[in-house]
Amino acid sequence: MATMIADLTTMRLGGPAAEFAKAASTDELITAIRDADAAGQPVLVVGGGSNLVVGDDGFDGLVVQVATPGLRIDGDHVVADAGVEWDDLVVATLDAGLAGLEPLSGIPGSVGGTPVQNVGAYGTLTSDFLETVSVYDRVSGAVEVWGPDRCGFGSHRQSTFKHTRRYVVLSVSFRLAEGHSSLPIAYDALAQRLGVAANSTAKTSDVRAAVLALRGERGMLLDEADHDTWSVGSFFINPVLSEVPAQAAACPQYPDPNGVKLSAAWLIHRAGFAPGYGRDRDNGTVALSSKHALAVTNRGGATTADVMRFAAHIRDGVEAAFGVRLGPECDLVNCAFG
Ligand SMILES: Cc1cc2nc3c(=O)[nH]c(=O)nc-3n(C[C@H](O)[C@H](O)[C@H](O)COP(=O)(O)OP(=O)(O)OC[C@H]3O[C@@H](n4cnc5c(N)ncnc54)[C@H](O)[C@@H]3O)c2cc1C
């Protein structure tokens, strides 16, 4: 029976994979992709499926799930295969007395998925600690080791790996700080939760606990029983604009190398879409999370087509109110909202 992509993704969406492989070693991963490329078969690489929405017709090619498990810690240096669960890596580093990744606790997905959009939370980015990425180049057939300068990090949630399927992340290495004391906590809500002054430090285990508590309250920790977490986290990306329309002047704004970054959550909420919006619309299978306006959620029984219609509705409402057109943060495969 065909593998349903819905079973591989946190939004539980996506039709059948024409072919499916689970790669348990880096050699298996490269071989599966190389063979598919030689046969002219499309390839979709899937890690934890937590930033991916696939169409109801599925994927007419090879879907390869990365399940490579290697994790090595040597002093302050950590190397993890792409298939390692991100949060397992965070826990392993904290247990080993290494600091740095604690604000990124509880983020779903694989290590290989994190450089793709330079995953970040609570004032910390993957790129703050990333030392190298081992990459398989599907065009040249070479395996290369890249430093952060080649990864195209900079603008919000962007990288050389995003919007192309050319590069497959095989493993990632990080250089962390030794000790059980966190790095200075720049994010106000986290500092407040910990009861410390902004830019002071705390025990890494306390930071992890505070982050998990905050994430849980926002529906940003996976929980099978809670439909608010049947999402891709932030569905819409914070827009980066060279010029902010006058209607959006009140929106929180942050500097970005490509202009000014606006808060998509603020725009959505102020355009009239409060958390929970959508439960009584259409067939009610898609709604904003009741805990966070930026998460589009599957309430059970949603199709990808339902989600695309709902996303277009939110995008259009925000554009009408503020003159800002929102786009997806997640990867949309064989689906679009216009
Ligand atoms: C509840 C929830 C909370 C979230 N919170 C955050 C957050 O706080 N911050 C944040 O930044 N993100 C967040 N996300 C988004 C998501 O967790 C991250 O983007 C994560 O890194 C995606 O990893 P993944 O393995 O699940 O990728 P997938 O969803 O499997 O894939 C996403 C994209 O990456 C590609 N990809 C995956 N693995 C590889 C690889 N090895 N090589 C090349 N390409 C690959 C896929 O082809 C696809 O294009 C959240 C998601 C959810 C569901």
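The values are calculated or read from the model by the stated rules, or taken from the named source; none is laboratory data. Computed from a predicted structure; not experimentally measured. Backbone-built Cβ (ideal geometry, glycine too); neighbour counts: all protein chains shown.
One residue is enough: does the range 73-95 have a residue meeting the conditions of a type in the set (A, V, I, L, M), closer than 15 Å to Val333 by Cα and more than 20 Å from the chain's Cα centre (by Cα)?
No, the range 73-95 contains no residue that is of a type in the set (A, V, I, L, M), closer than 15 Å to Val333 by Cα and more than 20 Å from the chain's Cα centre (by Cα).
What strands (runs of 3 or more DSSP E) completely inside the range 1-59 contain at least 3 residues that are within 11 Å of the ligand (Cβ to nearest atom)? Outline the logic, then answer.
Details: elements: 17-23, 43-46, 52-54.
Result: 43-46, 52-54.
Out of everything in the range 58-77 that is in contact with a strand residue (DSSP E or B) (Cβ under 8 Å, 6 or more places away or on another chain) and acidic (Asp, Glu), what residue ends up being nearest to Ala6 (Cα to Cα)?
Out of the qualifying residues, it is Asp60.
Restricting attention to the range 60-72, does a residue exist that is near the ligand (Cβ under 10 Å from one of its atoms) and outside any strand (DSSP E or B)?
Yes, the conditions are met somewhere in the range 60-72.
Do we find a residue being in contact (Cβ under 8 Å) with a residue 60 or more places away in the chain, away from the ligand (no atom under 13 Å from the Cβ) and over 26 Å from Pro257 (Cβ atoms) anywhere in the range 121-142?
Yes; the residues of the range 121-142 include at least one that is in contact (Cβ under 8 Å) with a residue 60 or more places away in the chain, away from the ligand (no atom under 13 Å from the Cβ) and over 26 Å from Pro257 (Cβ atoms).
Just a yes or no: is a residue in the range 252-273 in the same structural domain as Val318 (by TED's automatic domain parsing), more than 16 Å from the ligand (Cβ to nearest atom), farther than 23 Å from Phe310 by Cα and touching a helix residue (DSSP H, G or I) at 6+ places or on another chain (Cβ under 8 Å)? Full working, then the answer.
From the range 252-273, those in the same structural domain as Val318 (by TED's automatic domain parsing) are 252-273; that's our starting set.
Okay, now just the ones that are also more than 16 Å from the ligand (Cβ to nearest atom), so 252-253, 255, 257-260, 262, 266-273.
Filter once more, so that each one left must be farther than 23 Å from Phe310 by Cα: 252-253, 255, 257-260.
With touching a helix residue (DSSP H, G or I) at 6+ places or on another chain (Cβ under 8 Å) added as a condition, the list becomes 252.
Yes: one or more hits.
Restrict the check to the range 214-223 and report whether at least one residue is part of a helix (DSSP H, G or I), modelled with pLDDT of 95 or more and not charged (D, E, K, R).
Checked against the condition, which is being part of a helix (DSSP H, G or I), modelled with pLDDT of 95 or more and not charged (D, E, K, R), the range 214-223 yields at least one hit.
Tell me the residue from Gly83, Gly112 that is in contact with a Ser or Thr (Cβ under 6 Å, 6 or more places away or on another chain), touching a residue at least 40 places away in the same chain (Cβ under 8 Å), of a type in the set (Gly, Ala, Ser) and within 8 Å of the ligand (Cβ to nearest atom), please.
Gly83
From the list Ser200, Ser205, which one is more than 16 Å from the ligand (Cβ to nearest atom), of a type outside the set (Asp, Glu) and closer than 30 Å to Met11 by Cα?
So the residue among Ser200, Ser205 that is more than 16 Å from the ligand (Cβ to nearest atom), of a type outside the set (Asp, Glu) and closer than 30 Å to Met11 by Cα is Ser205.
Since Val135 meets every condition but one in (1) closer than 26 Å to Ala336 by Cα; (2) in contact with a helix residue (DSSP H, G or I) (Cβ under 9 Å, 6 or more places away or on another chain), which condition does it not meet?
(1)
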